[in-house]
Structures are given as C-alpha cells and as structure tokens.
Amino acid sequence: MTVAACPTIEQDWLDPAFSADPYPSFERWRALGPVVYNEPGQEYLVTGFRDCQQVLRGVQHFSSEDLQELFIRLFGGITMEAIDTARHHEMRAVWAPHFERRSLESMRAQIEAISAPQVDAFVERVRSGEVVDAVANMTRAIPTLVIAKMLGIDESMHGEFSSWSDAMGATQTGVYDLNSERGQLVIAEGRAGTAALNDYIASAVRDRRARSGGEDLVSIMVNHDFAKQMSDQEIVASNTQLVFAGNETTAKLMATVLVALGQHPDQRRALAADRSLVPQAVEEIHRWQTIVQTLPRRVISEDAAVDSVPIPRGSLVRVLSGAANRDPSRWQNPDLLDISREQRLHLGFGFGMHVCIGVHLARLELEVWLNQILDKLPDYELAENIEYGRSFALRAPVAVPIAI
Ligand code: HEM
C-alpha cells in the first residue's frame, strides 16, 4: 500500500507518559498539518474538528465495517457500530426510542435510587478521615447497576456483571500490546469475560423469548419485528456491547469529572452554588478531557481525502476526538476548563451515523450522580497524583483517591 505524502510521526499509544497528557502531542501534530502518518501503527491521524466530522460523516469513504473482526473478538458478534449500511439504521431503531431523552426521564428516580447508596457509603468513609478511591468504591458500580436494571438482569448477578465487563474493557489496551505476555493475558481474560457475559445474555434471550411482553431492553429487542432478521449471535453481541458501552465509558467520565473539579475548586464551588450549571459543566469537562480519544475507520474508496490530503484505499484512519475537542479554530483558549463557556457540540460522543445511542442516558446518570456528590461532598481534595495508566483509547484516571 502506498503512503500518502504527509508528515510522519512515531507514537506508541500505550506509553503511560502520553496517556497522562496527550494534549501537547496533539498540538505538535496539528502544527504539522491536517493529517499526519503514525509509522508504528501505519495509520493516518486527523486532529481538526471539522476534518474529524468529515471523516465520521463520510461512511462512503471511511468505513466502520473494519471493526467487525474486533467486535466479534470483543462482544462475540457484530453490532450496529460495525455496520454502515441501512441495516445499521434498522438495528439502531430497535432501541432508539428507549434511549430518547424524554423516555429516559422515567429512569431518573431509579438512577437516583441506584446512585444514592453508592455516594452515601463513599462520602461516609471520606468524612471519617479515610482516603478513598472513588473509582473502585463508587463510580465503577453506578453505570453497571443502571444498565443491568435496564436489561432486566437479576440483582444477584451484578457483581459478576461488573467483573466480566471490566475484563472485556481491558482488551481495549490489550489489542495494542499483542506481543507481550501482559497483553496476551489481558486478551485471554477479556475473552473469558466476553464468553461468560455472552452465555449469560444468551440465557436471558431464551428466557425473554419464552415469556414475551417484558419491558427490559433484552425483551424489547427479542420481541421487535426486526429481530427476525437478526442472528442469535447479533442479538447476544448487541446486548453484550450495551453492558460494556453503558458501563465503562460512563464510569470513566464520572472519574474524570471528579478529577477536573478537584483540580478547579473555584469552579466546583460555583457549580455547588448554581446547579443549573451541572449539565453544561459535565459537557465542558467531557470536551476538555475526552474519554473515547480515538475512533478508527478504514478507507474503502479510491478518492478519499481529508482537507485535500488524499488517503490511499485500505488505510487505517484515526479520528483523534480529544484533539478535535481542543481545536483552537472552534474554541477560544481550548486548553482552559471553563464551565461557564458557551456550549458547542464536541466529539466526545462521536458524530454522524454512529453517534452514541446512550448519550442521554450517560448525561442523566452524570447529572443525578454529580448533584448527589455536590450535596454531600461539596469540598474535597485529590489525595495523590492522578495516573492514567495505558488507557489512551478509553482515557480516564486509573484511580481517584479523595480526602477532605
Ligand atoms: C460518557 C459515556 C459515553 C461515552 C463517552 C460514549 C461514547 C461513544 C462514542 C464516541 C461512540 C461513537 C463510536 C464510533 O463512532 O465508532 C459511541 C457509540 C455508541 N454508544 Fe456510547 N458512549 C457513552 C455511553 C453510552 C451508553 C450509556 C450506552 C448505552 C447504554 C452507549 C452505547 C453506545 C452504542 C450502542 C454505540 C454505537 C451506536 C451506533 O453505531 O449507531 N454509550 N459511544
């Protein structure tokens, strides 16, 4: 395959120093041009907001279907995220009405009830003088419990659900590290997590088919007309992906919010005093510290180009959403966190055909949880330096130790 004429860089996505703060590197690459070629990954990187939107919009050139193999490995089958044809819209339409903002309002009280005991137990320990890791002891659990509730999963299974999902999530870093023993172990554990989750979901699918009329998301899918055109593998993988997507990313955004507000106590106090700012504060933090940093696409046409840079057919292109979210041509002082900033669409939830279906659910969970935190713990400190491990692809702090 020929390589397009554009500046070349060498970036190891697993470098912990890079995960800790990728933003200076993004600015160096942005200064080189609209597209740079990363030699180790043999991939083209796109940093500009508009250019990233163009790639995500242009499915006739930049395809997600390359993800199918990855999704079979991750979730046990193909899901809507790895389909670019009309079939994607039909699959998405099965659940879309249940993820609309208005239909989710009925979940608010349930989310409050799920989140409150987690927040209370955490705050009680912090108030008693302990340094407590908010990830292990609060944020990781909440979205898992919410999605488990929506899927109609028995409460006794929630602990196992979390550990299967965590193992599955860790493969995101394992795939960049296939040649090391650690990478192989992460992949093996991820496969076991996926297999266990697939088995459990498959039994839930059989159960819901046997007793029609349920209102949980598994029932809604198996009883939908379009399900007749979906293989069992697709149905099971779609539900498995929902566990992962509903859990991993949302928990990571919660951890990121705690760090951002810990580092900016003035803005935290302003927020505690005026709760109408909560939704926009969450969006601004998500723009400033993006969770899903990279969206991969495969070039499937002969005439694909980004900002007049032609990209050869067959190439891997990475939208760098975190870089796009700090594009200085879209945001003034983009490196500054400012919760009072005028809100503009960012790419943290993707864009175009595959834009996140769970965006309103994630926002609702964040809003409910953050209000509870601000009620119970308006003042806190980050007890140690925050580390990001090797989490670049789904970037978030590994732990958030909190004290008062
Ligand atoms: C803060 C939390 C979340 C973030 C940052 C996030 C981010 C994203 C991003 C960037 C995409 C686009 C992927 C691409 O273009 O390839 C996406 C798609 C998706 N997300 Fe989320 N997500 C979050 C929460 C959720 C939740 C709560 C759910 C469901 C329970 C969910 C389910 C999905 C699904 C099914 C897709 C694929 C949509 C499609 O292909 O049409 N996500 N998400």
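The values are calculated or read from the model by the stated rules, or taken from the named source; none is laboratory data. Worth saying up front: this structure is predicted, and the values here are computed from it rather than measured. Neighbour counts run over all protein chains shown; Cβ positions are idealised from the backbone, glycine included. In case anyone asks, the SASA skips ligands and DNA or RNA and just uses the protein heavy atoms, side chains included. Shrake-Rupley method; radii C 1.70, N 1.55, O 1.52, S 1.80 Å.
Let me spell it out: the conditions are (1) within 14 Å of the ligand (Cβ to nearest atom); (2) among the polar types (S, T, N, Q); (3) open to solvent by less than 60 Å² (accessible area, probe 1.4 Å), and residue 118 meets all of them except one. Which number is the exception?
Of (1) within 14 Å of the ligand (Cβ to nearest atom); (2) among the polar types (S, T, N, Q); (3) open to solvent by less than 60 Å² (accessible area, probe 1.4 Å), only one is false for residue 118: (1).
Which members of segment 330-359 meet the condition of being open to solvent by 50 Å² or more (accessible area, probe 1.4 Å) and in a helix (DSSP H, G or I)?
none
Could you list, in sequence order, the residues of segment 310-326 that are within 17 Å of residue 47 (Cβ to Cβ) and in contact with an Asp or Glu (Cβ under 9 Å, 6 or more places away or on another chain)?
315, 316, 317, 318, 319, 323, 324, 326 - these are the residues of segment 310-326 that are within 17 Å of residue 47 (Cβ to Cβ) and in contact with an Asp or Glu (Cβ under 9 Å, 6 or more places away or on another chain).
Going through 374, 394, 336 one at a time, which residue ends up being on the phi < 0 side of the Ramachandran plot and within 16 Å of the ligand (Cβ to nearest atom)?
394
For (1) in contact (Cβ under 8 Å) with a residue 12 or more places away in the chain; (2) touching a Leu at 6+ places or on another chain (Cβ under 7 Å); (3) within 16 Å of the ligand (Cβ to nearest atom), each residue gets a yes or a no:
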site: 236; (1), (2), (3): yes, no, yes
site: 248; (1), (2), (3): yes, yes, yes
site: 265; (1), (2), (3): yes, no, no
site: 280; (1), (2), (3): yes, no, yes
site: 312; (1), (2), (3): yes, no, no
site: 315; (1), (2), (3): yes, no, no
site: 341; (1), (2), (3): yes, no, no
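Find the helices (runs of 4 or more DSSP H) located wholly in segment 129-228 whose residues include 3 or more that are open to solvent by 50 Å² or more (accessible area, probe 1.4 Å) and acidic (Asp, Glu), and list them. Can you show your working first?
Values: elements: 141-151, 158-174, 181-210, 217-223.
The helices (runs of 4 or more DSSP H) meeting that bar are 181-210.
Of the conditions (1) of a type outside the set (Lys, Arg); (2) open to solvent by less than 10 Å² (accessible area, probe 1.4 Å); (3) away from the ligand (no atom under 16 Å from the Cβ), residue 301 clears all except one; give me its number.
Checking residue 301 against (1) of a type outside the set (Lys, Arg); (2) open to solvent by less than 10 Å² (accessible area, probe 1.4 Å); (3) away from the ligand (no atom under 16 Å from the Cβ), the one that fails is (2).
This table checks each residue for (1) within 13 Å of the ligand (Cβ to nearest atom); (2) buried (at least 17 other Cβ atoms within 10 Å of the Cβ).
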{"residue": "39", "(1), (2)": "no, no"}
{"residue": "44", "(1), (2)": "no, yes"}
{"residue": "49", "(1), (2)": "no, yes"}
{"residue": "52", "(1), (2)": "yes, yes"}
{"residue": "55", "(1), (2)": "yes, yes"}
{"residue": "61", "(1), (2)": "no, yes"}
{"residue": "64", "(1), (2)": "yes, yes"}
{"residue": "77", "(1), (2)": "no, yes"}
{"residue": "83", "(1), (2)": "yes, yes"}
